[in-house]
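Below you will find the structure I want to go over with you.
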Number of protein chains: 4
Amino acid sequence: MEIVPLRPDIEQRVRASFGRQKLLALYGAGITGIGKGYFEVSLPPSELVLRPAGFFVGGVIAGVADAVAGYTAATVPVEDPYFVTVEFKINFLNPAQGELLIVRGNVIKHGMSLTIVQVDVYTTAGGQETHAAIALVTMMRINKK
Amino acid sequence: MEIVPLRPDIEQRVRASFGRQKLLALYGAGITGIGKGYFEVSLPPSELVLRPAGFFVGGVIAGVADAVAGYTAATVPVEDPYFVTVEFKINFLNPAQGELLIVRGNVIKHGMSLTIVQVDVYTTAGGQETHAAIALVTMMRINKK
Amino acid sequence: MEIVPLRPDIEQRVRASFGRQKLLALYGAGITGIGKGYFEVSLPPSELVLRPAGFFVGGVIAGVADAVAGYTAATVPVEDPYFVTVEFKINFLNPAQGELLIVRGNVIKHGMSLTIVQVDVYTTAGGQETHAAIALVTMMRINKK
Amino acid sequence: MEIVPLRPDIEQRVRASFGRQKLLALYGAGITGIGKGYFEVSLPPSELVLRPAGFFVGGVIAGVADAVAGYTAATVPVEDPYFVTVEFKINFLNPAQGELLIVRGNVIKHGMSLTIVQVDVYTTAGGQETHAAIALVTMMRINKK
């Protein structure tokens, strides 16, 4: 899938919002892709995010996937986009072990009030990607005022 | 629902496993209830787990709920219980704001290989509980050997 | 849980809507409980809804659960209640075999635009109920005009 | 995605199993695609499967998607494949209205005991497909003996 560039003001707003998220910073997560309806984050393994057996903690994957879903929804060009998660579902497909965890969000439906985001989680090891998890996330746009 | 006391060796094993989870410690989460097929964790608001607007981060709630589901499954008296999350679904019901986040797991089906856990998340404010989220979690027992 | 009686005009509207659903009639499903935020349907086993092995077809259970979620949402006293299903999740807990399939919907959150319904599915055999499935359903209220 | 032909004996077994499902026949559903890890069904609109407003009933879509997930899992070449649905999640993306409902299942993970199937539902109108729904289904292989 080709990534459509974001309007610069939206990209700046999404990146600034990402920068305020303390937990993602703590995880060592960084933005590795951004476009219209697309957002990607990568994070390295660390003591904080791994189970003792060396796998990424499921709750960390779920938490990052939820955050990525929110930023993905926010790449859609609407005025005053403030989204909350209505519900979230994730299937863990393969053991999440490797050099990097890559979390990719794609908008699959952008509606008036609801936006549905698919999030695919991969691990990389030796140049090969493994599909670690897939999530479907329903976001609702809120009028902050 | 009445809480059925756990066999002491199982309780000790579950508590020790909880103690090894760095992320939950970082969140300030502590065990506030444990029984056969039941596990409860509480955590206070803190800069790390709140959105700027003062609500608990959805990804933190999801992560803690996933962890609680795992410990809940582990309270069932089986030999060598090592569970992985197959899939996880959460609905956010009300804004998660208050003095405490309480996350309660109940086993609703304990099968040969699969265990289904319902997790209810509450916030307390002024002595009143609000139902913040509900999750259904499918866990699979793995033979470690 | 005690059932709160419905306003008669709402009950009449919900029952009339149920009567127009051809598929539920075909399944032999009938209303066996109705109240504010509560709706219950029961159906007998028949060739149409059973697998050859004698279990209720999962897709039938899911379909009835979805329909029950809609009627449950419609018992909430709002003007012009027209709901569509945003998403639907069901866990099958036990083999669905018995003399009757009972499908119970309860509103767990009634919001401005979204209503969350929990649906519990039971089978009865020899006077005993077995928890066959549990579903969480997100409904959205639509302005028909 | 290219469709990989099925081993003839497996294809015959899957088609025979489909032929025994009374409900799908009643819906007018027919097989329109089959391959290794792939199964597709199409059905026309009819009084039985439409809401009065002309949309395919959500419960019918969910039921067909669940059935398709089962047949998709059964296209994987294992001995004695008997699958039950562990859990099922579907998001409705767009109003399901058109000349045909097309339901496509793809295996996204085939494990020792669990198989995860993604099901995409489309409607066609005037030669154009609309993404009506997406589902994730967890199936478990059962030893019948």
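FYI, it's all coordinate maths here, none of it is from the lab. None of the values given here were measured: they were computed from a predicted structure. Positions of Cβ are backbone-derived with ideal geometry, glycine not excepted, and every protein chain shown enters the neighbour counts.
Simple spin-label model, 7 Å along Cα-to-Cβ: B:GLU11 to A:LYS36 in nm?
That separation, rounded to one decimal, is 6.0 nm.
Quick one: 3J(HN,Hα) in Hz for the range A:119-127, Karplus 6.51/-1.76/1.60 with θ = phi - 60°, rounded, Gly and Pro as x.
Computed from phi, the couplings for the range A:119-127 are 10, 10, 10, 10, 10, 10, 8, x, x Hz.
On to the next question. Which residue in chain C puts its Cβ closest to the axis that rotates chain C onto chain B, and at what distance in whole Å?
Checking which Cβ lies nearest the axis yields C:LYS89, 2.
To continue, here is another question. Can you list, largest first and rounded to whole Å, the semi-axes you get for the protein assembly as shown by taking the square root of 5 times each eigenvalue of its Cα gyration tensor?
Over the Cα atoms of the protein assembly as shown, the semi-axes work out to 34, 27, 27 Å.
May I ask for the distance between the Cα centers of the range B:1-77 and the range C:12-29, given as a whole number of Å?
Their Cα centres are 44 Å away from one another.
Same structure, new question: With angles folded into 0 to 90 degrees, how steeply does helix B:8-19 sit against the dominant principal axis of chain B? Use alpha carbons for both and round to 10.
On a 0 to 90 degree scale, this one is about 50.
Another one. Report the Rg/Rh value for the range B:80-145, based on alpha-carbon coordinates and the Kirkwood definition of Rh.
1.11
If you don't mind, another one. Tell me the label-point distance for the pair C:ASN143, C:GLU129, using the 7 Å Cα-to-Cβ offset, in nm and rounded to one decimal.
According to this spin-label approximation, the distance is 4.0 nm.
Set the Förster distance to 30 Å, then compute FRET efficiency between D:TYR82 and D:SER46 from the Cβ-Cβ distance, nearest 0.05.
0.45
In nm, to one decimal, how far is the modelled label at C:MET112 from the one at C:LEU26, with both set 7 Å along Cα→Cβ?
Computed distance between label sites C:MET112 and C:LEU26 equals 4.0 nm.
What is the spread of the Cα atoms of chain D along each of their three principal axes, largest first, in whole Å?
Largest first, chain D extends 46, 30, 27 Å along its Cα principal axes.
Quick one: what do you get for the range C:26-86 if you divide its Cα Rg by 2.2 N^0.38 Å?
Dividing the Cα Rg of the range C:26-86 by 2.2 N^0.38 Å gives 1.28.
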